[in-house]
Amino acid sequence: MHQYPFAPRTRHPGFAFTALAEDPLHVAVRAGDPLAERTAIRLADLAGATWIAGHEGTACHDIVVRAGRAAGFEPAIAGRTNDFTLVYELVAAGLGVSLIPALAVEPGRAGVRTLPLVAPALTRHIFAAVRAGSESRPSVRTALDYMQNAASSRAMPTGSS
């Protein structure tokens, strides 16, 4: 599961949670856009941009709206999808910019540049959830250890692509 700091999920007492990773957000822009020449981008620089966001009522939508408002603007959302493949296609077609978690960054994606988001840097927290009390079972503990090791060894994209 994942959550953003602005909207922590209710932690049901029937589950035990294990933190796996911090997943920084990037901005996807059309490769021909003047913003694509940058090495990083500030959210305030996107105040006049058209946005691609998640469906209303999802964290992928809320992060765009809340981040924009925190930067002093109301994002003009032109499209909504929770499918990152479609997000990339819409961005490549020049229909908007979008926030992309590092785990979904596709370096070298045709027609799109992904830039690290700075000022503010935004992240989402990645967790594993298992039934409370089961986390000490050898099979579950092995799975959790594997996920933690995989998450810590995965190189999160930090630069632009």
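Here Trp51 fulfils each of the conditions (1) modelled with pLDDT of 95 or more; (2) more than 21 Å from His61 (Cβ to Cβ); (3) not polar (S, T, N, Q) apart from (2).
For the range 122-136, give me the residue count where each residue is farther than 22 Å from Ile77 by Cβ and either in contact with a strand residue (DSSP E or B) (Cβ under 6 Å, 6 or more places away or on another chain) or assigned to a loop (DSSP other than H, G, I, E, B) (or both). Number of matching residues: 9.
The values are calculated or read from the model by the stated rules, or taken from the named source; none is laboratory data. In this text the structure is predicted, and so the values were computed from the model without any measurement. Quick reminder, even Gly has a Cβ in these numbers, built from the backbone with ideal geometry, and neighbours come from all protein chains shown.
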